[in-house]
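Notes to accompany the following structure.
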Amino acid sequence: MNIEVQIARSRPEDGGAAYRQVYHVPVPDGAGWTAMDLLDYIQRRLDGSLGYFRHSACGRGLCRRCAARINGNVGYLCAHIVEDERPLVLEPISESRRIRDLVCR
Amino acid sequence: MKGFPSQIDRVIDTDVLVIGGGGAGAGAAMGAARRRCRVLVAAKGRLGRSGSTPLSSAVVAMDGESARKMGQRRADPSLTPDRWFEQIVGHGFFLSEQPLAQLYVEQAPARVAELLGWARRAGQPFFFGAGGSWITTGRAIGRSLCQGIRESPPIDLLEDVMICELTCSRGRISGALGIDIYSGELVYVACRAVVIATGGFHPFSFKCTAGDNTGDGIGMAFRAGAAVADMEFLLFCPGALFSPRIHRGSILPMFLYGTGQIRPDIVDAKGSDLFAALPAEVRRLAQDPAWFKLAHAFIWSEALAAGRGTSAGGLFFDFRRYSSWRYFKGLLLTFMVFKKFYGRRFHYQHRSVRDLFDSIRRRGRWEVGLCCEYSLGGVVVDAGMQTAAAGVFAAGEAASGTFGATRTSRALTEMLVQGFVAGESAAAWSKDVDDPAPAEDRIEQACRKVLAPLTRSGGTAPGPVLETIEAIADGALGVRRSAGALEKGLARAAALRREILPRLAVQSPNRRYNLEWIQALQLENQLFCLEAALRAALRRAESRGQHIRSDFPHVDNGRWLRRLHFENRGGKPALRPRQPSFCCLSPPQRDFPGVLDYALDRRRQETGRLN
Ligand SMILES: Cc1cc2nc3c(=O)[nH]c(=O)nc-3n(C[C@H](O)[C@H](O)[C@H](O)COP(=O)(O)OP(=O)(O)OC[C@H]3O[C@@H](n4cnc5c(N)ncnc54)[C@H](O)[C@@H]3O)c2cc1C
Ligand code: FES
């Protein structure tokens, strides 16, 4: 299936201006990808400038450092399964502590 | 900042810099702080919450005799320090540096007892298991270490700072350059000694380890003049989940198998039992906790090499022979164990796994695979954790030599013991030397190197390179290896190093949480470790531990009781076979037709001696 991912972006190189960017990610049917899998795909293949917590990720819901607003609710990127073809909306948990895109300090 | 290049945003001065915030880093910091010197820990992640330490499942051990003396009535007093030492060396196919194994055995009781004390005061659950081992969770280990740091003389901490390069002056360490991952600032730490405690390297696409384990410390130490060794030896855990994706890499299946309450059949893609046709003695070996990982990795990889696996390269844990009643009983008993650690029903590693157990009830199977859990290779150290680079020490998974070709004893104990010794040695060293001479040109050079991917235009992006590295490792460095696949992998890795590494460029020039920049900086170390592992695996024309060559299946003690060192010769890794120290135990003189034959022989000797 093809999943539409809408990401609230803010890049320091653009002066932090907020905007929304849409990506389309081909996900194998029934693969049960997480939101972090989608972001990995986008960052590695489509847009290297994307920021989300990744540098010390446990990927297993343990370190509790990958929090983001997922479809409006706060959750962990590595623990959120993308189940259907609805667009996935990803935003940072705080505007004031935002460093880049989904990363907050 | 006077005397420092203008690119540097922050300079910190300390005596001992510890790089890494896992168990080895925490241990080193405490070891050095108790010797009353200034200590700074710089960790890519958070203290006690990054690297492999919090992901472990987690068993720490000392010998049974010492555990009994500590009042553990269920401890096995026949597991004396001598017997434990013999096990470590024998199970490691005699490639252990025996003085390191001795140090491990001697200091384990003190270090584990200390950990138990911190755990008690931090309210973390540790339960005695068997022999001389305690079982707990990775999170509890991390929290106990933080308690230890709180109780220690002062230790400074820099979290989310990635150290990228060590700088030397007049032949010894003078400091290290790093980046603050969130702000992008360049941080220079001027110091007299460094402890590398950055964990292992895990190059495969299928991971049960954290994102931080990219072999940074191994690469940095080598560039500073240290040798590395044993890079061909990786430890694969049989029984990490492939799917569902959300649990991918979880080692729950192996843990469940180990508890023995519900032991599934292990079947191939067509449903045939891998173990049904094997001799009873091999089946017994595979049930023995000491040999479990080696025997399973051997048997699984044989089936996978014969094309019997799933399309993802996995096998199945099949529970279908259990009646519903037996299944529920087993499950209940298992979760009584888990509840002690995780406080809630159907939880493993603090996350609900109810979906997995429901899937068994629906007559499903678990797709599992071999997942690299630990790298035996790393920086070469002596029994004081000193490396060949003056003022550079290494400990834990980043170091090498304790276990030899494979590990059946506890890495969590290793990180505590070695961390503490490295910290003490680094502190003693820092007191003996005067302040390093300033090395502005070296620091400037390091700054230019670190900043290069941000300023290059039209280069290669790191993302696809990272995927190529994983593909090379998947294709050539699994349990079963062959000259053809290793040569192919090596040629691809060398081409990446020559042609791509110098051209890496990132999209965003801004340094704040610039993931691509971090990836670009890590790639040099990942590629160094990968290439060293491929070269050593190709050179070692025999099988040993979980390095199984399909073209050289025998254990060749005549030629290969050697560790493969990479020494820094003018910046290039020169491969040198070196005999490990056989100071206490002599190795067997004869060869074995395969690694299982060696394991069966050792097991016969060990059980024979007990009876
Ligand atoms: C799933 C799993 C289960 C395990 N179970 C067990 C078990 O039951 N028993 C056992 O004994 N062992 C077990 N192990 C192995 C054991 O957990 C590790 O070997 C051990 O924790 C390593 O500790 P360490 O401190 O050396 O490294 P790590 O814990 O990996 O810590 C490395 C640290 O270095 C930091 N770092 C990395 N690069 C840099 C850099 N460039 N700059 C600054 N900091 C950096 C990281 O952020 C991290 O803080 C398991 C491992 C895994 C993956
Ligand atoms: S990465 Fe650790 S909780 Fe998500």
Query - Cα gyration tensor shape for region A:19-61, rounded if a/c is under 1.5, else prolate or oblate - result: oblate
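By the scheme Lys and Arg +1, Asp and Glu -1, what is the net charge of all other residues having a beta-carbon under 12 Å from that of B:ASP156?
Net of charged neighbours comes to -2.
How long are the three semi-axes of the equivalent ellipsoid for region B:86-197, computed from the Cα gyration tensor as the root of 5 times each eigenvalue, in whole Å, largest first?
32, 23, 13
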Report summary line: Of the convex hull drawn through the C-alpha atoms of region B:229-309, the volume per residue in Å³ is 131 Å³
Query raised in the report: Straight-line reach from B:LYS293: which lysines have a Cα under 16 Å away, not including same-chain ones fewer than 8 places off?
Result: none
Report task. Could you list the trypsin sites (Lys or Arg not before Pro) in region B:346-426 that lie in coil according to DSSP, counting only those with at most 10 other Cβ atoms within 10 Å of their Cβ? Result -> B:ARG362, B:ARG363
Query raised in the report: Which percent of Cα-Cα pairs in the protein assembly as shown sits in each 20 Å bin, short to long?
Result: 18, 54, 27, 1
Report task. Please work through chain A and write down the cysteines that have no neighbouring cysteine Cβ at a distance under 4.7 Å. Result -> A:CYS66, A:CYS78, A:CYS104
Report summary line: Most packed first (mean Cβ within 10 Å per residue), the peptides B:493-503, B:134-144, B:581-591, B:209-219 order as B:209-219, B:134-144, B:493-503, B:581-591
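So for chain B: antiparallel DSSP bridges make up what percent, rounded to the nearest 5?
65 percent
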Requested in this report: Could you work out the mean projected area of the convex hull around the alpha carbons of region A:2-104, in square nanometres to one decimal?
Outcome: 6.2 nm²
Query raised in the report: By a straight-distance test (C-alpha under 20 Å), which lysines pair with B:LYS339 as possible cross-link partners, with residues fewer than eight away in the same chain excluded?
Result: B:LYS329
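Only Cα pairs under 8 Å and at least 6 apart count here; give the relative contact order of region B:235-372 as a rounded whole percent.
36 percent
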**Report entry** Relative contact order [Cα under 8 Å, 6+ residues apart], chain B, whole percent
**Finding:** 21 percent
Query raised in the report: Among bridges DSSP assigns within the protein assembly as shown, what percent are antiparallel (round to 5)?
Result: 70 percent
Query - Listed residue (B:GLY21, B:GLN124, B:SER183) projecting farthest to the positive dipole end of the protein assembly as shown, Cβ model - result: B:GLN124
Query raised in the report: At 222 nm, what helix-only mean residue ellipticity would chain B give, in deg cm²/dmol to the nearest 500, using -39500 (n - 2.57) for each DSSP H run of four or more?
Result: -12500 deg cm²/dmol
Report task. Given a cut-off of 25 Å, name the pairs among B:LYS44/B:LYS431; B:LYS2/B:LYS44; B:LYS488/B:LYS572; B:LYS44/B:LYS449 whose C-alpha atoms lie farther apart than that in the structure shown. Result -> B:LYS44/B:LYS431; B:LYS2/B:LYS44
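What's the extension gain from B:ALA305 to B:GLN507 if we count 0.36 nm per residue and subtract their Cα-Cα distance?
68.7 nm
None of the figures in this text is laboratory data; all of them are computed from the coordinates on show. None of these values were measured; they are calculated from a predicted model. Here Cβ is always computed from backbone atoms with ideal geometry, including for glycine, and neighbour counts include all displayed protein chains.
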